Amino acid sequence: MGLGKSGVASAMFLASRGARVTVSDAKREDKLRDQIPALLERGITVETGKHGERTFRDQELIVVSPGIPNELPSLKKARERGIPVIGEIELTARFLEGKIVAITGSNGKTTTTTLTGEIIASGGRKTLVGGNIGTPAITFVEQSSPDTWVVLEISSFQLETIESFRPHIAAVLNITPDHLDRHGSMENYLAAKTRIFENQRTENQGTGDYAVLNADHEVTRRLALGLKAQVLWFSRKEGFSRNEAASRHEGGGKHATERGAFVRDGAIVFRNGEKVTEIMPLAEIALKGAHNVENVLAAVAIGMAAGVEPSAIRRAVKDFRAVEHRLEYVSTLRGVQYYNDSKATNVDATIKALESFPANVHLILGGRDKDSDYRKLNPLIAARVKRVYTIGEAAAKIEAQIGNVAPVASVQTLESAVRQAAELAVAGDIVLLAPACASYDQFSSYEHRGRTFKQLVQSLAESFGTLPEIQPASPGGGD
């Protein structure tokens, strides 16, 4: 059900295993012209324009794409008839060999997942990286073997439909309001996220699975209660000396970072009880911003849990650069720097983007609203933003909530936003796409939105008749 990347991949996989497969998508046939021929060639039945009642009644298994709400009436009726309804991640778990690392959270998933893959590969392991990051996990089944490490970015939507999915290492990076239009409440959103741990367990003599959690966030600290896996923490705020640790222990209770990765004396260290191993100086991290220090710490904790040598972890982190669409430097034109943070699909992610630049930002906001509160942006907009450009369905709501903290231009389209920002920005300014919204009103994905932004900037360069200037070492000075 649903012909996105994971839906097509699941259909192809099931057909290759001898199943009789029907795919159903509510989009019209002309909207699916790129997918349909390959499906028909594999003998797969295609239903478009609706989800027929008989289609669902006649199946032995239903696999839903993440973007489809789990509580649709057709799916409820299927469950009432005893038909299993799962997602692509659960389907993958039933066939995949090797060890799974699963990473979720409201922000930082893509950076942490990509870096974790680099760290484990640096340790000499056969490594596959995908999931919500772009490559459907089901495509890894044929490549997997008992010695494979599969590193997956996992969304709350994907976790709603798991049953037996059991990661060897599971991480929740942070929990802030997101996707409330789908989940209905923070409680439901949190419940979906924490399902990542539900099938983990600890074996005899301290072996088994690992849960990696952020000690700096109250919500993620609470998740440790009742977990069956061994808990590893990461923290950029909780570094402490041995004497401080002793005094805190005397005060009662174990310190949150007794086992895990944290910052001490300008370096990342890994603590396992009394043993402290220095991994690397903070100065060697190429990614800028406090949020990226957290992402690195999480990846370091996962790497240590996977048995990667500290020297290999240090090498992978030192060589790592920002992933596409995540505070991605695009170009400098006439002294104005352009950054693509299309992956900033919620308010908290946009806050982190703004914290990476001290001032003079031209901020592009908007898209499809996810029941977000944009007023949380106001202090940073007042302090660091010269002008806001609103686009898409959420434009009116954003304009109402940010009020008069900065000049606002209602431009509707990304093309207009880039053009107007280029006209008004002066040397030393930043043009930042960090929309705080989903992309689906005007684009097929946040990747599509980000690529369009980069193409628009490239067109500017051509119209200016100048070559882009040299890339700066990093985004500016705030964190």
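The values are calculated or read from the model by the stated rules, or taken from the named source; none is laboratory data. Just so it is clear, the structure is predicted and the values come from calculations on it, not from any experiment. Neighbour counts are summed over all protein chains in view; Cβ atoms, including those assigned to glycine, are modelled from backbone coordinates with ideal geometry. Surface accessibility is based on the protein's heavy atoms, side chains included, excluding ligands, DNA and RNA. Shrake-Rupley method; radii C 1.70, N 1.55, O 1.52, S 1.80 Å.
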Pick out the one residue from L354, L414, L432, L424 that is under 24 Å from K288 (Cα atoms) and out of contact with any Lys or Arg (no Cβ under 6 Å at 6 or more places or on another chain). L432
Could you tell me whether S311 is closer than 25 Å to G98 by Cβ and either at pLDDT below 95 or open to solvent by 30 Å² or more (accessible area, probe 1.4 Å) (or both)? yes
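Test N243 against the stated conditions and say whether it is among the polar types (S, T, N, Q), open to solvent by less than 60 Å² (accessible area, probe 1.4 Å) and either outside any loop (DSSP other than H, G, I, E, B) or at pLDDT 90 or above (or both). Steps first, please.
Working: among the polar types (S, T, N, Q): yes; open to solvent by less than 60 Å² (accessible area, probe 1.4 Å): no; either outside any loop (DSSP other than H, G, I, E, B) or at pLDDT 90 or above (or both): yes.
No, not satisfied.
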Qualifying residue in segment 118-133 (condition: in contact (Cβ under 8 Å) with a residue 40 or more places away in the chain, among the basic types (K, R) and part of a strand (DSSP E or B)): no
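In the set T332, T277, which member is of a type in the set (S, T, N, Q) and farther than 21 Å from D216 by Cα? Don't jump to the end; show me each part of the working.
Numbers: T277 fails: farther than 21 Å from D216 by Cα.
Exactly one of T332, T277 is of a type in the set (S, T, N, Q) and farther than 21 Å from D216 by Cα, namely T332.
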So which residues in segment 337-347 are touching a Gly at 6+ places or on another chain (Cβ under 8 Å) and farther than 18 Å from G105 by Cα, if there are any at all? N340
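Looking at segment 292-317 only, could you name the residues that are farther than 29 Å from A436 by Cα and of a type outside the set (V, I, T)? Spell out how you get there, then give the answer.
Initially, segment 292-317 is screened for residues farther than 29 Å from A436 by Cα, giving 303-316.
Of everything in segment 292-317, those that are farther than 29 Å from A436 by Cα and of a type outside the set (V, I, T) turn out to be G303, M304, A305, A306, G307, E309, P310, S311, A312, R314, R315, A316.
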So R125 ticks every box in (1) in contact with a helix residue (DSSP H, G or I) (Cβ under 9 Å, 6 or more places away or on another chain); (2) farther than 23 Å from W233 by Cα but one. Which box is left unticked? (1)
Hits in segment 200-232 (condition: in contact (Cβ under 8 Å) with a residue 12 or more places away in the chain, part of a loop (DSSP other than H, G, I, E, B), open to solvent by 40 Å² or more (accessible area, probe 1.4 Å) and farther than 27 Å from S372 by Cβ): R201, L227, K228
Pick out the one residue from D373, D369 that is surrounded by fewer than 16 Cβ atoms within 10 Å (Cβ to Cβ) and within 24 Å of the chain's Cα centre (by Cα). D373
So is L75 surrounded by 12 or more Cβ atoms within 10 Å (Cβ to Cβ) and at pLDDT 95 or above or not? no
Subset of segment 36-78 (residues that are of a type in the set (K, R), closer than 26 Å to A93 by Cβ and either without any contact (Cβ under 8 Å) to a residue 12 or more places away in the chain or in a loop (DSSP other than H, G, I, E, B) (or both)): R42, K76
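Can L61 be described as under 26 Å from K193 (Cβ atoms), of a type in the set (A, V, I, L, M) and touching a Phe, Trp or Tyr at 6+ places or on another chain (Cβ under 9 Å)? Let's see the steps before the verdict.
Working: under 26 Å from K193 (Cβ atoms): yes; of a type in the set (A, V, I, L, M): yes; touching a Phe, Trp or Tyr at 6+ places or on another chain (Cβ under 9 Å): no.
Criteria not met by L61.
Go through segment 301-406 and tell me which strands (runs of 3 or more DSSP E), entirely inside it, have 2 or more residues that are out of contact with any strand residue (DSSP E or B) (no Cβ under 7 Å at 6 or more places or on another chain) and touching a residue at least 40 places away in the same chain (Cβ under 8 Å). Let's see the steps before the verdict.
On the way: elements: 328-333, 336-340, 361-366, 385-391.
By residue number, 328-333.
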Determine whether segment 383-393 contains at least one residue that is out of contact with any Ser or Thr (no Cβ under 8 Å at 6 or more places or on another chain), open to solvent by 50 Å² or more (accessible area, probe 1.4 Å), at pLDDT 95 or above and within 18 Å of N346 (Cβ to Cβ). yes
If the requirement is being at pLDDT 95 or above, small (G, A, S) and on the phi < 0 side of the Ramachandran plot, which of these qualifies: A417, A473, A438? A417
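Filter segment 407-450 for residues that are part of a loop (DSSP other than H, G, I, E, B) and acidic (D, E); which is least open to solvent (accessible area, probe 1.4 Å)?
If we filter segment 407-450 for residues that are part of a loop (DSSP other than H, G, I, E, B), which is where we start, we get 407, 413, 425-429, 434-437, 439-445.
So of that shortlist, the ones also acidic (D, E) come out as 429, 441.
Working: D429: 3, D441: 39 Å².
Among those that are part of a loop (DSSP other than H, G, I, E, B) and acidic (D, E), it is D429.
Identify all residues within segment 94-113 that are surrounded by fewer than 23 Cβ atoms within 10 Å (Cβ to Cβ) and either in contact with a strand residue (DSSP E or B) (Cβ under 8 Å, 6 or more places away or on another chain) or modelled with pLDDT under 90 (or both); write none if there are none.
Let us first name the residues in segment 94-113 that are surrounded by fewer than 23 Cβ atoms within 10 Å (Cβ to Cβ), namely 94-99, 110.
Listed by number, the residues that qualify are L96, E97, G98, K99, T110.
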Here the residues within segment 274-293 that are open to solvent by 20 Å² or more (accessible area, probe 1.4 Å) and more than 20 Å from the chain's Cα centre (by Cα) are E274, K275, V276, T277, E278, P281, L282, A283, E284
Quick one: Q458 ticks every box in (1) open to solvent by 30 Å² or more (accessible area, probe 1.4 Å); (2) modelled with pLDDT of 95 or more; (3) among the polar types (S, T, N, Q) except a single one, so which number is it? (2)
Tally time: how many residues in segment 333-355 are more than 15 Å from the chain's Cα centre (by Cα), open to solvent by 10 Å² or more (accessible area, probe 1.4 Å) and over 18 Å from I285 (Cβ atoms)? 4
Members of segment 79-91 found to be in contact with a helix residue (DSSP H, G or I) (Cβ under 8 Å, 6 or more places away or on another chain) and within 27 Å of V141 (Cα to Cα), listed by number: I83, V85, G87, E88, I89, L91
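For segment 109-132, how many residues are over 17 Å from the mean Cα position of the chain (by Cα) and of a type in the set (S, T, Y)?
Filtering segment 109-132 for residues over 17 Å from the mean Cα position of the chain (by Cα) gives 119-127.
With of a type in the set (S, T, Y) added as a condition, the list becomes 122, 127.
Qualifying residue count for the region: 2.
Okay, residues lined up against (1) at pLDDT 95 or above; (2) assigned to a loop (DSSP other than H, G, I, E, B); (3) open to solvent by 20 Å² or more (accessible area, probe 1.4 Å):
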{"site": "V151", "(1), (2), (3)": "yes, no, no"}
{"site": "F157", "(1), (2), (3)": "no, no, yes"}
{"site": "T161", "(1), (2), (3)": "no, yes, no"}
{"site": "R166", "(1), (2), (3)": "yes, yes, yes"}
{"site": "A170", "(1), (2), (3)": "yes, no, no"}
{"site": "D178", "(1), (2), (3)": "no, yes, no"}
{"site": "D181", "(1), (2), (3)": "no, no, yes"}
